[in-house]
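The values are calculated or read from the model by the stated rules, or taken from the named source; none is laboratory data. Here the structure is a predicted model, which is why all the values come from computation and not from measurement. In this analysis, Cβ positions are derived from the backbone assuming ideal geometry, glycine residues included, and neighbour counts consider all displayed protein chains.
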Amino acid sequence: MLNIMLITVVILALGFDFINGFHDTANSIATSVSTRVLSPRQAIVMAAVLNFWGALVSHKVAKTISSGLVQGSLEQYVIIAALLAAIIWDLITWYYGIPSSSSHALIGGLIGAAIAYASGFSTIIWKGVWEKVLIPLITSPIAGFLLGYLFMSILFAALRPFSQRFVNGWFSKLQILSAAWMSFSHGNNDAQKSMGIITLAMVSAGMLPKGSDVPWEVMLACAVAMGLGTSIGGWKIIKTMGVNMIRLQPINGFAAETGAAIVIQAASAIGAPVSTTHVISSAIMGVGASKRLSAVRWALARNIVWAWVLTIPVTALIGAIITALIKLAIS
């Protein structure tokens, strides 16, 4: 029974990573596709390869997920409930083209499932939730917005003497590099969420001691799942971010992707599971605001922010409900 439950966790975690790949493909390539720097096929192939590579580089974020948010031994069905909550939310937001956070969906599902399992808050490591989740949740989009605004303002000032044709020609090439860095950064942070969940399940099953590093087999499986998911693409969200929010030129895409990648890499270095969706979305808003505030479609931006705000509480509720139903069924 235990082995079946653990296998179920692994399958769901890899499924979540696959969905994360196509749900969050837009994080890496929306601006490159919308500015026509890369064709959709070229952009997706590049993102898939670099998501895979980024996922293999480190595991600090995975350690946060596996041992920094909940304590004690959890039943496997609790982790299953957390994964189902995240998958449900990802599919709903993908269907409506809303760039929500897969990372926070998983974290919210895990917190809600753990609370329902313990019938209280004793299993939650609140210091870890506050320092690694809530503070980055607030600060990373702000940092993305400010860096997008700052880079775009500097580029505007520095390139004012040059023609639009000259600027577009150069930044059509430079944006490929920034999109590649963004793809690598996405894999480096986002694929680690599933690595952490699988490691947590293995610890709960007694296969690994608490605080263990992520096994290389788990890293490889999650990297492959995210790379395959990325290869499918998430066109609805690409349209929302790359076309509907603001009109982008190559220089705008370069500024947004560079600012976002810096924030994500800094978060990965300290083991903070930030939302790549939040960061790149806010960086695009910052780039648009540097032109003029009216360049950003703020009604759409408001809907995106509401999705950010609701992700953790809604997925926590879904995770808690699924856990309660499973507890009732097996009691």
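See the values below:
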{"item": "Positions within the stretch 88-120 being under 23 Å from Ile330 (Cα atoms), under 16 Å from the mean Cα position of the chain (by Cα) and aliphatic (A, V, I, L, M), in sequence order", "result": "Ile88, Leu110"}
{"item": "Residue count, the stretch 147-188 (criterion: touching a Phe, Trp or Tyr at 6+ places or on another chain (Cβ under 8 Å) and modelled with pLDDT under 90)", "result": "2"}
{"item": "Residues of the stretch 184-230 classified as under 19 Å from Ala272 (Cβ atoms) and outside any helix (DSSP H, G or I), total", "result": "3"}
{"item": "Residue within the stretch 132-139 that is buried (at least 20 other Cβ atoms within 10 Å of the Cβ), in a helix (DSSP H, G or I) and over 16 Å from the mean Cα position of the chain (by Cα) present", "result": "no"}
{"item": "Which numbered condition Gly144 fails, given (1) farther than 21 Å from Ile280 by Cα; (2) buried (at least 23 other Cβ atoms within 10 Å of the Cβ)", "result": "(1)"}
{"item": "Residue, surrounded by the most Cβ atoms within 10 Å (Cβ to Cβ), within the stretch 67-84, restricted to residues that are closer than 23 Å to Lys127 by Cβ and touching a Leu at 6+ places or on another chain (Cβ under 9 Å)", "result": "Ala82"}
{"item": "Some residue of the stretch 214-226 being touching a residue at least 40 places away in the same chain (Cβ under 8 Å) and not hydrophobic (A, V, I, L, M, F, W, C)", "result": "no"}
{"item": "Scope the stretch 224-266; condition buried (at least 23 other Cβ atoms within 10 Å of the Cβ), at pLDDT 85 or above and under 22 Å from Ile197 (Cα atoms); matching residues", "result": "Ala225, Ile264"}
{"item": "Ser102 vs. criteria in contact (Cβ under 8 Å) with a residue 60 or more places away in the chain and surrounded by 24 or more Cβ atoms within 10 Å (Cβ to Cβ)", "result": "yes"}
{"item": "Scope the stretch 249-298; condition over 19 Å from the mean Cα position of the chain (by Cα) and either part of a loop (DSSP other than H, G, I, E, B) or of a type in the set (Lys, Arg) (or both); matching residues", "result": "Gln249, Lys291, Arg292, Val296, Arg297"}
{"item": "Condition check for Thr35: of a type in the set (Ser, Thr, Tyr) and under 20 Å from Pro273 (Cα atoms)", "result": "no"}
{"item": "When residues of the stretch 140-182 are limited to those that are of a type in the set (Phe, Trp, Tyr) and part of a helix (DSSP H, G or I), the one farthest from the chain's Cα centre (by Cα)", "result": "Phe166"}
{"item": "Single unsatisfied condition, Ala179 versus (1) surrounded by 19 or more Cβ atoms within 10 Å (Cβ to Cβ); (2) out of contact with any Ser or Thr (no Cβ under 7 Å at 6 or more places or on another chain); (3) hydrophobic (A, V, I, L, M, F, W, C)", "result": "(2)"}
